[in-house]
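The values are calculated or read from the model by the stated rules, or taken from the named source; none is laboratory data. Just so we're clear, the structure is a prediction, and the values are computed from it rather than from any experiment. Neighbour counts run over all protein chains shown; Cβ positions are idealised from the backbone, glycine included. Protein only, heavy atoms only, side chains kept; ligands, DNA and RNA dropped before computing areas. Shrake-Rupley method; radii C 1.70, N 1.55, O 1.52, S 1.80 Å.
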Amino acid sequence: MAFESLSDLRDFAAEMAWQAGKLTLRYFQTDIAVESKADDSPVTVADRQAERMMREMIEARYPAHSILGEEEGETRPGASFRWILDPIDGTKTFVRGVPFYAVLVGLERDGEPV
């Protein structure tokens with residue numbers, strides 16, 4: 001993998017969040033079905049699809065990086081870079097049609113946030 005600057009990684013993270021946000025808006029203020037996860041927190045198809053899309057984007061560009069997502073868990077634990085994804089932070093407000101939710105994307109290098 002070629003070296004990428006932190007600004008390149010930041011730009012990629014911002015693009016992922018933007019694309020995932022556009023995907024979630026297709027479901028916002030609709031009669032979306034809500035399921036409960038094992039911890040009793042809500043999850044929707046919008047959560048799952050947005051995380052899946054971000055994972056596919058990371059896999060295509062950074063196949064050696066780890067991914068820790070709220071909906072699908074972690075891949076490649078121990079990799080130097082680890083992406084942390086929360087496709088809809090604020091699912092409870094999202095399903096109620098309240099416009100206070102966000103797509104969260106973080107990146108760690110060797111366990112330190114970058």
Limited to segment 24-43, what total is found for residues that are over 14 Å from Asp89 (Cα atoms) and outside any loop (DSSP other than H, G, I, E, B)?
2
For the list (1) part of a helix (DSSP H, G or I); (2) within 22 Å of Pro42 (Cβ to Cβ), I need the number of the one condition that Val105 fails.
(1)
Could you identify the single residue in Ala64, Ala46, Ala50, Ala79 that is open to solvent by less than 50 Å² (accessible area, probe 1.4 Å), in a loop (DSSP other than H, G, I, E, B) and modelled with pLDDT of 95 or more?
Ala79
Only one residue in Asp11, Asp31, Asp39 is under 29 Å from Glu112 (Cβ atoms), loosely packed, with under 12 Cβ neighbours inside 10 Å and out of contact with any strand residue (DSSP E or B) (no Cβ under 7 Å at 6 or more places or on another chain). Which one?
Asp39
With the requirement that a residue be crowded, with 16+ Cβ neighbours inside 10 Å and farther than 15 Å from Ala17 by Cα, what does segment 82-103 give you?
Arg82, Thr91, Phe94, Val95
Yes or no: Ile58 closer than 14 Å to Leu9 by Cβ, in contact with a helix residue (DSSP H, G or I) (Cβ under 9 Å, 6 or more places away or on another chain) and surrounded by 13 or more Cβ atoms within 10 Å (Cβ to Cβ)?
yes
Could you look through segment 67-76, keep only residues that are outside any loop (DSSP other than H, G, I, E, B) and under 10 Å from the mean Cα position of the chain (by Cα), and pick out the one that is nearest to Ala33 (Cα to Cα)?
Gly69
